[in-house]
Amino acid sequence: MTDLANMRDTALARIDDTGDAAALEALRVEFLGKQGSISGLMKTLGKMTPEERQTEAPKIQSLRGDVADAIAAKKEQLEEAELEARLASEVLDLTLPAPATPKGSVHPVSQVMDELAEIFADLGFTVATGPEIEDDWHNFTALNMAETHPARAMHDTFYFPDVDTDGRRMLLRTHTSPVQIRSMAEQGAPIRIIAPGRVYRSDSDATHTPMFHQVEGLVIDKGIHLGHLKWTLETFLKAFFERDDIVLRLRPSYFPFTEPSVEVDVGWQDVNGRRVLGGDGDAPGHGWMELLGSGMVNRRVLEFAGVDPDVYSGFAWGLGVDRLAMLKYGMDDLRAFFDGDYRWAEHYGFSPFDQPTLSAGVGARA
């Protein structure tokens, strides 16, 4: 009895002094394993007489139970201590951003449209829109292109078989100039608008697509002249390309809806195999690139729109949005704009949360 009591006290003391789970497991094997000391006592019961077993068995079972309970309690204590230590040392920073999730991107054309609207809004322009299915009067006649005018053929137009209530032929608009006519007829003068949108021409080759995007601008007021046109375009292009060294060259041209008409060339230079706008086109290593067409609004166009040409004058201009995007963001294949390849959109696309602003930079990439 004394030996069992001493064994119990020794075992419980050693268990209580154990500081880690591995040492506790070693004690369990030492006491309760197949070759353990207490397990050995259990085996001796088979050699005892029935009277001895009746006396000794409860004592050994009690010892075995006390040691097993002590080991279980110590194990729970050690696990709780380990958990508390982990909680104290491990920190979960709830301010960290969530893992990135798949999201769409803004197409470069849409991004450039937003950039144009932002820049011209700062210059006092509003955005005007109109129908993409037009009548030939708004698309051609009101823009000083009579039914037999050769400029109509140059537009390679998509006509519809039906006509409107006035008997005018319907077509997919070939430019956003009809928006200018509608805006002048509805609002009168003065007026200051840009007209971005999709336009259509039966033209498809390495550098053209049947559907593309265009933006046109119109200013009608008293005393407007070509100097206002050049300043507006220069200010716009400097803001859009985010360069102060944009240099323009106005070259005489012809458009039915403007008189005089000018092509606008911009100086550029080759930088690592890429055309970059900026600098004087006549400087060494530079050149001139035709970027857009413009001019003073033709008197006949003002008359068609109901504006008195003896009181008001104005200028207009137009250029391709797709081309602007290619020049600014380094894309060299127009066909990729319409392929629908998500890898291209992922590379050149913009985050929908990064809206262009003049303060943050209209060209902030995603």
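Evaluating kT/(6 pi eta Rh) at 4 °C and 1.567 mPa s, with the Kirkwood radius of segment 192-240 over Cα pairs in the Stokes-Einstein relation, gives 99 µm² s⁻¹. Where a ≥ b ≥ c are the square roots of the eigenvalues of the C-alpha gyration tensor, would you call segment 108-348 rounded, which needs a/c under 1.5, or, failing that, prolate if a/b is larger than b/c, or oblate? Oblate shape, in that a/c is at least 1.5 and b/c is the bigger or equal ratio. Taking every protein chain into account, the accessible area of segment 2-89 amounts to 67 square angstrom per residue (probe 1.4 Å). Taken over segment 2-89, the ratio of Cα radius of gyration to 2.2 N^0.38 Å equals 1.30.
What's the local net charge at R201, with K and R +1, D and E -1, over the other residues with C-beta under 10 Å away? Once positives and negatives cancel, what remains is -1.
Per-residue extension of 0.36 nm, minus the Cα-Cα distance of R335 and E82, leaves a gain of 84.9 nm for this segment. Filter the trypsin sites (Lys or Arg not before Pro) in segment 175-246 to those in DSSP coil with at most 11 other Cβ atoms within 10 Å of their Cβ, and list the result. Answer by residue number: K222. Bridgeable lysines around K43 (alpha carbons under 17 Å apart, same-chain partners fewer than 8 residues away excluded): K34, K59. So what's the net charge close to D245: Lys and Arg +1, Asp and Glu -1, counting the other residues with Cβ under 13 Å from its Cβ? Summing Lys/Arg as +1 and Asp/Glu as -1 gives -2. Within the straight-line cut-off of under 23 Å between alpha carbons, the lysines reachable from K230 are K222, K238, K328, sequence neighbours fewer than 8 places apart in one chain being disregarded.
Restricting the calculation to Cα atoms, segment 1-152 yields a radius of gyration followed by a Dmax of 43.9, 131 Å. As a ratio to 2.2 N^0.38 Å, the alpha-carbon radius of gyration computed for segment 224-287 takes the value 1.23. Among residues other than E290 whose Cβ falls under 10 Å from its Cβ, what is the net charge (Lys/Arg +1, Asp/Glu -1)? That sum, taken over residues with Cβ under 10 Å, equals 0. Per residue, the convex hull around the alpha carbon atoms of segment 272-359 comes to 225 Å³.
The values are calculated or read from the model by the stated rules, or taken from the named source; none is laboratory data. Everything quoted here is computed from the prediction, not taken from an experiment. All Cβ positions, glycine included, derive from the backbone under ideal geometry; neighbour counts span all protein chains shown. Note: accessible area is taken over every heavy atom of the protein model, side chains too, but ligands, DNA and RNA are not part of it. Shrake-Rupley method; radii C 1.70, N 1.55, O 1.52, S 1.80 Å.
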